[in-house]
Amino acid sequence: MTLKHFVRLIWSNKYWLVFVPVLVASGVYLFSSNLPRKYETSAVIFTNPISNKGATEGGVVRMDFYTSNNLFDNLTLLVKSRETVKNTALKLLSQHLLLSGPDERIISERNYTELDDHLSPQLREALVVNEDKEATFRNLERHLKEHKDSPIDYLLREHPHYSVPKIIDALYVARKASSDMMEITFRSEDPGICYHTLNFLTETFMERYAGMKELENINSINYFEDQLIIAQEKLRRAENELKAFIADNKILNFYEQGKYLDIAKLEQDQDEEKARRLIAGTKTNLEDIEAMFDGFDRRQSIIGKISDLQSRIVSKNLEIQGLNMQAAREKNISSLEHEIDLLKREIDSASQDLFKNNTSLQGIQRQTVLDEWLKLKISYEEQIQALDVMQDRKQYLDSKIQEFAPLGAELKTLEREVEVNENQYLSILHGLNMAYLQKYDLEMSSPQKLVDIPFYPKTPLPSKRKLLTIGSLFSSGIFVLALVLGWSLIDRTIKSKEKAEKLTGLKVAGGWINEKKIQKNVLRSSLFNKLIKQFYNNINKFLPQNGKTNIMFYSIQRGEGKTFLIKKLAEEFQHQHRDTLYFGPKEKDENMPCEARNYTLTDHLCDQNESYWEQTLSGINKDMLLWELPHIEEAPMNFRLINRADILVLVLDSGRKWNSSDENLLNGLLDTVKIPHVIWLNNMEEGELEDLNGEIPKKRSWLRTKIKGIVS
């Protein structure tokens, strides 16, 4: 919706937009003439947020945005709590019951008389204790508990000054900017009641808050004392378990003992390795000495062999000497000499072996080697025995380590349990100390302080009558405007060129104004001439330049103005001096500015074949043929005749609604029409017609012309 359309919509509904708000504002002004005047008083309380100390945090609480908001939400709910307001109402009622007559500083005469209507003299006498407000207050509390449907209960439910819900409605609690101050405001139509109600409310609130903090502190102390006993018992039990474990396993210092076993195991491994190397060396030396013993035996064997060989040589020499003494024994002598040579070679060989044996590194005296062998043998046996002892000690150390190792995990668990219980005990003890400190702080100072006490209101608040009147004027005007805009959005009438083209899918060739709503300053002749000329110009491009022209008009419903618009077009053709013939579905219209012929449905207009229309049209000697077809909602259409026309014009009443049935009928026609097809809108509003055909010629003032130019 453009600004132009918006202004046009406002102007068309100007009477509703003015009449309804003025009527509503007048009614509000008249009905608010007897509104009671309100009095207001307020008090400011310093909330002292640091009084909310953490019992286990060393008395320090970090006051961030969320903590501060949470604190003030709690205080606001406490001020507006039902118990606080109920005690305030009972204190106010006890004060009023103690009065022997009205006192303007406490209660007005009208309200005092109205209170007497609710309480009988007997009930009042039973509740009131002369000059003792506290006793009267306690009597009211007791009576309220014992009698659920008493007049006191009614006053706390329904009375405008003592009702708990109504006091809460007149109570306003707010934080002063971002400070620690809280402002409490109360309003009432009686200044005395207004002042004393807030006074009793602040008193009750501060008493309840102090009591809650004290009770909270006492509960904290009791809790810490109970938990301290439990923690102390758990600590003692854990210490006893640790002590019994150390005694049962003979642990002096587990970590030092474990370190000693580890070092002993390492030294044992080193000593064992050293002993094994020493045994290996001793064994090698023994083997070498025992090898020497084999050398001594071999030398004696060689010497014996040499002696035997020498004896044999001597024997052979003796045999030779004996043979030399005999004759012819040369052969035997040669054999003996050969044997002697062989024996000498064996002696040489044995001598060489003996020489080698005597010149080797082990060529030591036998006694010396024997003594050395004995010492090594004794040392070897001692080393073997020492290694066996080391093996036994190693097994002992391994058994001790296997026995000692699991004790570490158990000991660590017991020590950790003792440490945890000890820390818990110390933490609870610290919390108990802080709770006692907080108790001392609460006893020495109040958690909240009254900075500004309630004041007695002497002048009433400004009346809201003007504000209500102005507000009702604007709100009702906005409401009517919203209704107008809403109605325009859901309006289903055709109205404008854009909506007609959107609904039908056809182009709008022209429009005609609703002549019943034409204003007096409109220049009718100029307007009508302009409208018919623009329609003719828009359809002229579809008309043949020479020869006979057929223009057919139809509508979907009855009464959309086909005949009326055809007359306007016939007048235009008359001005152009063009012969025109009008075909209409009714009796000849004497007012038609051209020759007219009528037809009826009984003439079988829709049943005639192609040759009939060819013969009929060829016999007509006219330039322009204007056909008014029946509305398609009730009559059948002759599509042979329609498609012989040069242009088909749909006449639509812009003031009617477009329905789905209209769309179905039009779609059925569009499927068969082959010629140009346009719309002529009838009965259009001035504003919508201006969007189609331009500015309506009328007499306008200079100011209106200027405003229209700005809006457009």
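Since every read-out is calculated from the coordinates, none of them should be taken as a lab result. Model, not experiment: these values are computed from the prediction. As a convention, Cβ positions derive from the backbone with ideal geometry for all residues, glycine included, and neighbour counts pool all protein chains shown.
Sorting the segments 241-248, 570-577, 150-157 by their residues' average number of neighbouring beta-carbon atoms within 10 angstrom, most packed first, yields 150-157, 570-577, 241-248.
Under 12 Å from the Cβ of N421, count the other residues' Cβ atoms, weight Lys and Arg +1, Asp and Glu -1, and hand me the total. Display every interim value, and only then the final one.
On the way: positive: K234, R236, R237, R416; negative: E233, E239, E241, E415, E417, E419, E422.
Around N421, the charge tally is -3.
A simple count of charges around N537, restricted to other residues whose Cβ falls under 13 Å of its Cβ and scoring Lys, Arg +1 and Asp, Glu -1, yields +2.
Assign one of three labels to the stretch 511-598, namely rounded, prolate or oblate, based on the Cα gyration tensor with a ≥ b ≥ c the square roots of its eigenvalues; rounded applies when a/c is under 1.5, prolate when it is not and a/b is larger than b/c, and oblate otherwise.
It comes out oblate by the Cα gyration axes.
Answer rounded, prolate or oblate for the stretch 453-542, using the Cα gyration tensor with square roots of eigenvalues a ≥ b ≥ c: rounded when a/c is under 1.5, else prolate when a/b is larger than b/c, else oblate. Here the stretch 453-542 falls in the prolate category. Annotation: peptides 195-201, 693-699, ranked by per-residue average of other Cβ atoms within 10 Å with the highest first, follow the order 195-201, 693-699. Too long at a 23 Å Cα-Cα cut-off: which of K499/K548; K548/K568; K499/K698; K517/K699; K497/K541; K38/K145? Those over the limit are K499/K548; K499/K698; K38/K145.
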